[in-house]
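Only one structure is covered here, and it is reproduced in the block below.
The numbers here are math on the coordinates, done by the rules we state, and not lab data. Only a predicted model underlies this, so the values are computations on that prediction, with no experimental measurement involved. Reconstructed Cβ throughout: ideal geometry from the backbone, glycine too, with neighbour counts over all protein chains shown.
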Amino acid sequence: MSNLANLQLTQSGELRHFLTPEGLDRLMLERILDTADSFVVVGNQEVKKVPLLRGRTVVNLFFENSTRTRSTFELAAKRLSADVLTLDIKTSATSKGESLLDTLQNLRAMHSDMFVVRHSDSGAAHFIAEQVTPDVAIINAGDGRHAHPTQAMLDMLTIRRHKGRFEPLSVAIVGDIAHSRVARDQIHALKTLGCDDIRLVGPNTLMPQGIQSMGVSTHNNMDTGIAGADVIIMLRLQTERMASAFLPSAGEYFRLYGLTVQRLAQAKPDAIVMHPGPINRGIEIESAVADGPQSMILNQVGYGIALRMAVMSMAMSGQMQQRQSQANQPSSLIGEQK
Amino acid sequence: MSILISGARILDPSLELDTVADVYIRGGVIESIGDLAKVHADTQVDAKGMILSPSFVDLNTCLRDLSQIQKGTVASETYAAASAGFTDLCPSPDTQPCSDTGSVISMINSKAEAAGFCNLLPIAALTKNLKGTALSNMESLSRSGCIGFSNAGYDITDNTVLLRCYEYAATFGLKVFVQAQDKQLSNGHMHAGPTATRMGLDGIPVIAETLSISRHLLFMQHTGVQGHFNQLTSSAGVALIRQAKAQGMKVTADVGIAHLCFTDTAIQGYRSQYHMQPPLREESDRIALLVGIKDGTIDAICSAHQPHESSAKCAPFAATATGMAIYDMLIPLIQGLVDANELTWMAAIKALSFNSANIADIKATRLAISKAANLTLIDPNHSWILDVDSQLSQGTNQALAYQTLKARVQLTLKDGQVTYAV
């Protein structure tokens with residue numbers, strides 16, 4: 001899907017929006033990971049700030065509740081020395097489109113440089129980048145069940161820092177694939193980075209139709225699904241799935257798909273366990289696993305800040321370049337016409 | 001006033017006629033057909049290389065009046081329809097206010113009469129305000145000229161109410177039009193398949209359609225009502241209609257032109273112009289719909305024209321309005337299918353005129369002497385750009401905006417009067 005690449009990159013191939021890893025090539029994903037690696041160090045310094053976004057205005061636009069993602073984005077922007085404004089905007093179901101359009105155009109008029117957007121509609125960030133404010137860098141902080149690219153990329157950073165190369169890895173993604181905005185981006189990123197064995201594990205009610213077309217295998221049985229895996233990514237199970245008849249009960253789900261110490265033994269002995277958080281202990285994961293030596297759950301949080309710093313600084317620089325080249329182009333054309 | 005159309009390829013599916021001839025029209029009727037080189041007329045049209053056919057009848061359209069005039073008016077949309085070759089339209093009852101009373105119907109009718117571009121053959125609401133709870137005054141509405149009853153895109157979930165609808169319609173021999181979509185299962189935004197999965201959009205599975213078709217077929221069978229299905233979308237849906245026809249049921253069906261031309265992959269990139277209800281499905285479904293036309297399972301092609309103002313399509317995908325403005329691109333879309341050898345002009349014209357007229361219970365026009373001159377003249381080679389200057393529908397939801405299109409109606413005649421000329 002080259003249109004996805006076109007939308008996210010400048011004419012010279014630099015990142016200017018980050019909406020999804022889909023459409024970006026391996027080199028770009030590796031550059032994001034390399035840049036993030038360099039920022040992991042910043043987090044360990046006494047003064048945790050770099051001046052890359054000094055004088056730039058970053059607006060966190062959260063149309064949907066989120067504590068974790070919002071706070072890591074805020075922290076990432078502050079560590080890059082940006083001016084940060086965080087807005088929690090509840091949308092009314094009836095006038096979603098209109099209020100979104102109006103809000104954004106107002107914020108743009110305030111000369112914002114970057115929007116970090118979380119919205120309950122799939123494609124919301126895409127819509128903003130393409131049609132509303134293309135001259136503001138857009139970072140997708142989660143849209144509907146479509147994408148959550150910074151979460152997916154921080155997972156890639158976690159895997160690379162602990163496992164090295166992606167080619168030989170077997171990765172199992174377990175749980176509510178259907179409603180997960182992260183799973184799709186994880187699949188795109190893993191594929192692009194060279195991982196061939198991606199297994200999705202869950203019951204049919206949580207497995208989206210036609211997902212195999214993304215080049216993954218699907219497993220209803222947890223034991224065979226995670227057998228010999230190097231990486232196990234557990235997805236969060238929303239409790240409302242029981243109310244809406246996707247699952248009978250948390251108890252049955254845990255018995256069939258919960259990650260226990262005993263079950264983890266099916267995977268490789270050095271397998272790592274990941275989870276985007278917040279975790280439901282006793283529903284998708286046993287405490288002994290979540291807090292155990294193979295768990296990367298807290299490491300992921302720290303990498304999340306570094307990864308978000310990387311993406312924000314790269315997109316801001318790409319967007320500035322684009323603005324500059326656009327500012328130069330039309331004026332010279334007008335000059336020629338005269 | 002007299003008109004001479006010379007040298008056109010004349011296509012009349014009712015007579016299986018495909019020939020080149022001149023047609024002379026006077027006093028609203030076709031006066032002669034043949035080699036009329038010596039005949040003089042007030043208006044002479046050189047139609048070499050063009051197609052002359054009976055005018056079209058649209059079994060499903062939205063004109064937006066009375067209170068959605070930001071999307072379109074009866075005047076603007078009937079003129080756009082004339083520019084696509086239509087003289088008769090069956091407006092869907094999901095108007096605002098709803099087409100469930102004689103006064104709404106007569107107001108819409110009088111606007112159409114004043115505009116003068118198309119005759120209306122309204123479909124009235126099957127239930128009051130399309131709520132699916134109380135019957136509309138069907139008998140009275142049929143006296144005000146409504147040719148059928150439908151609940152448009154609003155599924156009647158209560159089987160008791162639906163049974164009463166069919167029983168009451170059967171009492172008076174009224175026809176029921178169905179847009180087959182199960183309410184709960186169609187609570188998504190596009191066809192359930194790999195594209196929806198990839199884009200993270202809620203899917204509408206094919207069973208939303210097949211379950212509803214089966215259910216309505218059983219009610220039709222049980223009550224003897226003659227039913228018509230609007231806007232089939234799926235291969236499995238076509239198969240159900242084929243089976244019903246094979247069993248001798250008097251059921252008919254149509255397909256929207258968009259479903260013959262586009263598939264769900266067109267939505268990639270969250271292109272809201274392709275957000276439709278019922279949804280665009282997969283390539284195998286599109287092919288099955290074309291086969292359905294070829295073998296007669298699908299009788300008619302409708303426009304399913306749904307004009308919108310620009311802000312209706314300017315939002316995150318799920319929040320955008322559904323439907324396409326079709327009239328401006330109908331003829332180019334058919335030409336595209338003809339060029340791809342997927343449809344013949346004869347089959348298209350049969351589905352747009354002869355068959356749809358029969359379903360709407362009006363006399364189909366024939367290209368024969370002394371018949372009323374309801375005619376459409378199409379130039380299949382006319383190249384033009386669809387933009388704000390050339391489009392006639394008020395709807396800005398033109399999926400092919402700014403593209404160069406091939407084929408265009410040159411002339412539409414309603415009872416010998418020119419309702420559209422390019």
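Overview of values
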{"read-out": "Cα gyration tensor, the stretch B:55-359 - rounded (a/c under 1.5), prolate or oblate", "value": "rounded"}
{"read-out": "Lys/Arg +1, Asp/Glu -1 at C-beta; the stretch A:149-297 dipole; positive extreme among A:His275, A:Gln186, A:Pro203", "value": "A:Gln186"}
{"read-out": "Segments B:137-144, B:294-301, B:326-333, B:315-322 sorted - mean Cβ within 10 Å per residue, highest first", "value": "B:326-333, B:315-322, B:294-301, B:137-144"}
{"read-out": "For chain B, built as a Gaussian network whose Cα springs stay under 10 Å, the top-fluctuating residue of B:Met199, B:Met50, B:Met249", "value": "B:Met199"}
{"read-out": "Within chain B, helix-based [θ] at 222 nm, where runs of 4 or more DSSP H residues each add -39,500 (n - 2.57), nearest 500", "value": "-8000 deg cm²/dmol"}
{"read-out": "Most positive-pole-ward Cα, A:Val41, A:Leu100, A:Asn299, against dipole of chain A from beta carbon charges", "value": "A:Val41"}
{"read-out": "Debye intensity ratio in log₁₀ form over the Cα atoms of the protein assembly as shown, taken at each q of 0.07, 0.09, 0.11 Å⁻¹", "value": "-0.60, -0.90, -1.16"}
{"read-out": "Summed side-chain charge close to A:Arg255 - residues other than A:Arg255 whose Cβ falls under 14 Å, Lys, Arg +1, Asp, Glu -1", "value": "-3"}
{"read-out": "Cβ-derived FRET efficiency at R0 51 Å, A:His111 paired with B:Val39, nearest 0.05", "value": "0.10"}
{"read-out": "B:Asn137/B:Ser32 FRET efficiency (R0 30 Å; Cβ-Cβ; nearest 0.05)", "value": "0.05"}
{"read-out": "For the stretch A:93-168 and the stretch B:202-257, distance of Cα centres in Å", "value": "41 Å"}
{"read-out": "Shielding score for A:116-124, defined as the mean number of other chain Cβ atoms within 10 Å", "value": "5"}
{"read-out": "Candidate lysines for bridging to A:Lys49, where Cα separation is under 29 Å - those fewer than 8 sequence places away on the same chain excluded", "value": "A:Lys78, A:Lys163"}
{"read-out": "Stokes-Einstein D in µm²/s, Kirkwood radius over Cα pairs - the stretch A:149-297 at 25 °C with 0.890 mPa s viscosity", "value": "163 µm²/s"}
{"read-out": "Residue of A:Arg16, A:Arg68, A:Arg308 that the Gaussian network model of chain A assigns the largest fluctuation, springs spanning Cα pairs under 10 Å", "value": "A:Arg68"}
{"read-out": "Per-residue average of Cβ from other chains inside 10 Å of A:212-222", "value": "1"}
{"read-out": "Neighbour-count order for B:Lys48, B:Lys371, fewest beta carbons within 10 angstrom listed first", "value": "B:Lys48, B:Lys371"}
{"read-out": "Cβ crowding within 10 Å averaged over residues, with B:99-106, B:31-38 ranked highest first", "value": "B:99-106, B:31-38"}
{"read-out": "Shape call, the stretch A:212-266: gyration tensor on alpha carbons, a/c limit 1.5", "value": "oblate"}
{"read-out": "Cα coordinate range in chain A, projected on the principal axes (Å, largest first)", "value": "75, 45, 39"}
{"read-out": "Cα-projected label distance for B:Asp339 with A:Arg31, points at 7 Å along beta-carbon direction, nm", "value": "3.9 nm"}
{"read-out": "Choice from A:Ser217, A:Ser81, A:Ser12 with maximal GNM fluctuation in chain A (Cα, 10 Å cutoff)", "value": "A:Ser12"}
{"read-out": "Pairwise label distance in nanometres, A:Ala5 with B:Lys250, each label 7 Å out on the Cα-Cβ vector", "value": "6.0 nm"}
{"read-out": "Separation in nanometres of the label points that stand 7 Å from Cα toward Cβ, at B:Ser103 and B:Thr171", "value": "2.4 nm"}
{"read-out": "Under-5 Å amide H pairs with B:Ala21, H placed in peptide plane, nonlocal only", "value": "B:Gly7, B:Ala8, B:Ile10"}
{"read-out": "Table column - 3J(HN,Hα) (Hz), the stretch A:3-17, Karplus curve with 6.51, -1.76, 1.60, x for Gly and Pro", "value": "5, 5, 5, 4, 5, 8, 10, 7, 4, 8, x, 8, 5, 10, 10"}
{"read-out": "Ordering of B:114-124, A:136-146, A:191-201 by burial proxy (mean other Cβ atoms within 10 Å per residue, highest first)", "value": "A:136-146, B:114-124, A:191-201"}
{"read-out": "222 nm mean residue ellipticity, helices alone, for chain A (DSSP H n ≥ 4; -39,500 (n - 2.57); rounded to 500)", "value": "-13500 deg cm²/dmol"}
{"read-out": "Computed E for A:Met242/A:Asn220 - FRET, C-beta separation, R0 25 angstrom, nearest 0.05", "value": "0.85"}
{"read-out": "Shielding by partners, peptide B:304-317 (average Cβ within 10 angstrom, other chains)", "value": "4"}
